[in-house]
1. Give the carbon-plus-sulfur fraction of the accessible surface of the chain in %, rounded to a whole number; probe 1.4 Å, heavy atoms of protein chains only.
2. Can you check how the C-alpha radius of gyration of the range 94-173 compares to 2.2 N^0.38 Å, as a plain ratio?
3. With a 1.4 Å probe and every protein chain left in place, tell me how much accessible area His349 has, in Å² to the nearest 10.
4. Give the peptides 49-57, 269-277, 331-339 in descending order of average Cβ contacts within 10 Å, highest first.
5. If you roll a 1.4 Å probe over the heavy atoms of the protein chains, what accessible area per residue do you get for the range 73-213, in Å²?
6. If the elastic network links every pair of Cα atoms under 10 Å, which of Arg291, Arg122, Arg189 fluctuates the most in the Gaussian network model of the chain?
7. Can you tell me which of Leu346, Leu252, Leu363 moves the most in a GNM of the chain? Springs connect C-alpha atoms under 10 Å apart.
8. If I build a Gaussian network model for the chain, linking alpha-carbon pairs within less than 10 angstrom, which residue out of Met215, Met171, Met289 has the largest mean-square fluctuation?
Amino acid sequence: MLRDSLVLLDYLRGMLLHNEELWLLLFPTMIMIELPLYLLVLTGIFRWSYNQEDAEMMQFPSISFVITCYSEGDTIGTTIDTLVEQVYPGYIEILAVVDGAIQNQNTYQAALNCELRHAGVRNRKVRVIPKWQRGGRVSTLNAGLSVTQGEIVINVDGDTSFDNDMVFTMMKQFTSKDVIASGGTLRVRNHDANILTKMQSLEYMLSMQASKTGMAQWGVLNNISGAFGAFRKNLLKQVGGWDTHTAEDLDLTIRLKQYKQRYPNNKLAFATHAIGHTDVPDTLKGLVMQRLRWDGDLLFLFLRKHNEGLSPSLLGWGDFLFILVYGVVQNVLLPLLVVIFIVYILIVHPFEAVLALILLLYLTYLFLSLIIFIAYIGLVSERGKEDLKFTKWLFIYPVYQFFMRLITAFATVNELVRRSHEESSMAPWWVLKRGKKF
């Protein structure tokens, strides 16, 4: 069998050598875009591991959680319980903001039950804030922000649970006065559901926890998650809180980067071991619909809403180049070029050459994913033995990555043609349609 495999590889290598055009089309993109990102993440992980030290906390700032609640039902109880049970000795205010409380009576009542159940707990205050008419995610966050009392505001989703040391770990980032905001780590709670959730679990490990750890070390954190992010309240209000339309987390991250350009000592951090757990789509339709929203919003944010704000003078050269290459080029333009490239080679080149190229791409991305996975298990993961079980699924992961690129390409076209960000489930249509056009 090994001999047959070697013969096949040698045959495919010969096919590629006789079709040099395929190499010329492929590898400039790999060398100029993909490989530098892997190197940046990998070196950032090494740097984080080398510099990691247990910061001593002398003060414990007060914290306000703003939970966006819409249709979670009894699940909201788990979220609130895990926040009340944090080992953090400081004061924690938990605001459950129920969007559309009239039509979401189950969620509203479940939150009220939690408020009653946790009444009198020392240093913990649970408050339920009903928004009787639905206004969407952004209005929910800003409604909570307007009544927060804590020095640090942490936004979380109503279907997310947390390790009980999450707050303590997150607050270590803010022992530095220069840190103005920090992202937290999300892990997939329903990873055992099926192969789709296993792939997403790997994606959260490698493309989120590991990658954001590396990016933050070089000062180019790409995004503070809308499902789990912490901010200094005075600065969050100063930049205007959350803004209308969709992708409110990336929009806020860009505005924070523009702010810190005027104050070079300020930093956006990432709390690698501040852990939240969330469920991901377990059906193909659910996953595709989620990514159509996520990926379509990238074009809207980068090329419509912030097209004039993406400049070195406002962002600094580091963030500007990173967003240009790994926001606009890699996540908006490259997926379209991949689709065009696939159609082209299928028409022009023989099937054997196309097969050889596909195999080469698969092996390349498998190797790169394996390298990041090894670094993740050895240096980043707080659950190394548990995460090691995902090793066998790495062989499918490059196929999943390719499929996600195709979805991104479709999402980009969808946004160009239909302005799909105005059809998001994150807010009612009348909110998105009446927002400022970009």
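1. Whole-percent figure for carbon plus sulfur exposure: 61.
2. 1.15
3. The accessible area of His349 comes to roughly 20 Å².
4. Sorting 49-57, 269-277, 331-339 by mean packing, highest first, produces 269-277, 331-339, 49-57.
5. Roughly 36 Å² per residue, with all protein chains present.
6. It is Arg122.
7. Answer for the Gaussian network model of the chain: Leu346.
8. Ranking Met215, Met171, Met289 by mean-square fluctuation puts Met289 first.
The values are calculated or read from the model by the stated rules, or taken from the named source; none is laboratory data. Note that the structure is a prediction, hence the values are computed from the model and not measured. No Cβ is skipped: glycine too gets one built from the backbone with ideal geometry, and neighbour counts run over all protein chains shown. To get the accessible areas, we keep the full protein, side chains included, count just its heavy atoms, and leave off ligands, DNA and RNA. Shrake-Rupley method; radii C 1.70, N 1.55, O 1.52, S 1.80 Å.
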